[in-house]
1. Evaluate the following for ILE207: is it surrounded by fewer than 19 Cβ atoms within 10 Å (Cβ to Cβ) and at pLDDT 75 or above?
2. Does the stretch 56-66 include one or more residues that are in a helix (DSSP H, G or I) and surrounded by 18 or more Cβ atoms within 10 Å (Cβ to Cβ)?
3. Mind telling me which of the residues THR28, THR13, THR68 ends up being in contact with a strand residue (DSSP E or B) (Cβ under 8 Å, 6 or more places away or on another chain) and either β-branched (Val, Ile, Thr) or within 29 Å of LEU209 (Cα to Cα) (or both)?
4. For the stretch 96-113, state whether one or more residues are of a type in the set (Gly, Ala, Ser), surrounded by 18 or more Cβ atoms within 10 Å (Cβ to Cβ) and either at pLDDT 95 or above or in contact with a helix residue (DSSP H, G or I) (Cβ under 7 Å, 6 or more places away or on another chain) (or both).
5. Quick check on my filter: what residues within the stretch 71-98 are closer than 21 Å to LEU209 by Cβ and either more than 15 Å from the chain's Cα centre (by Cα) or among the charged types (D, E, K, R) (or both)?
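The values are calculated or read from the model by the stated rules, or taken from the named source; none is laboratory data. As the structure is a computational prediction, the values presented were derived from the model and not from experiment. Ideal geometry is used to build each Cβ from the backbone, glycine not excepted, and the neighbour counts take in all protein chains shown.
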Amino acid sequence: MCFSAEASFGASTILMVIGVVSTRVSATNPQRLLSSIPFIFGVQQFAEGVLWLSLSGAGFAHLNGIATYTFLFFAQVVWPTIVPLSVMLMEKDPKNRKVLGLILALGMVISGWLAYCLLVYPVDAQISCSHILYGLHFPPFMKYLGFLYLIATVSPSIISSIRRLRLLGIVILASYIVTRIFYQYYLISVWCFFAALISLVALSVIIKLNEKPRIAPPVLEKIGI
């Protein structure tokens with residue numbers, strides 16, 4: 001997370017457990033992909049925990065580059081593709097699937113471009129005001145890519161025909177707005193502060209989708225209850 005190594009490792013453990021539970025209650029492969037989101041968040045938070053250690057003590061300094069690029073790989077490359085893909089695979093409405101397919105294509109382009117930038121341009125990380133500040137030395141026009149990134153990661157859940165997935169999208173959007181207002185310079189790191197809440201919503205989606213319908217006892221059926 002964004003406050004300390006201990007907070008990041010603690011969040012990582014919780015998120016991975018949530019991911020395992022989500023996967024176990026999933027009934028289909030599309031549900032399992034959605035269930036992987038908490039676990040991936042957990043891996044991402046573990047990487048940032050290692051990054052905290054590398055920035056705080058000389059004994060872990062050699063892990064700085066690996067931890068920085070691992071965290072940014074998930075934050076910049078994985079999410080724009082995996083979010084629309086997981087929602088599209090669960091979508092039943094044909095019209096929504098077409099729209100989600102277009103958003104997935106956009107997300108894949110964003111992921112590919114950001115992956116290229118991570119390989120070509122320098123990045124760094126430093127502790128600033130009890131947060132990790134990531135320096136992405138990309139071309140200046142890249143700042144306008146943020147809106148497209150938001151479309152790829154937030155809009156799929158909001159336009160889904162599955163009501164609880166829409167709730168997931170609203171939670172993601174609300175977390176982005178709060179982070180943008182109060183932690184603008186630490187957006188990449190602090191937005192992941194909400195990973196636990198978002199993952200809990202994802203778990204609730206899977207549980208609700210696999211709930212068995214309640215069947216009234218025969219006696220109650222006879223009297224119309």
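1. yes
2. no
3. Exactly one of THR28, THR13, THR68 is in contact with a strand residue (DSSP E or B) (Cβ under 8 Å, 6 or more places away or on another chain) and either β-branched (Val, Ile, Thr) or within 29 Å of LEU209 (Cα to Cα) (or both), namely THR68.
4. The answer is yes, given that some residue of the stretch 96-113 is of a type in the set (Gly, Ala, Ser), surrounded by 18 or more Cβ atoms within 10 Å (Cβ to Cβ) and either at pLDDT 95 or above or in contact with a helix residue (DSSP H, G or I) (Cβ under 7 Å, 6 or more places away or on another chain) (or both).
5. MET88, LEU89, MET90, GLU91, LYS92, ASP93, PRO94, LYS95, ASN96, ARG97
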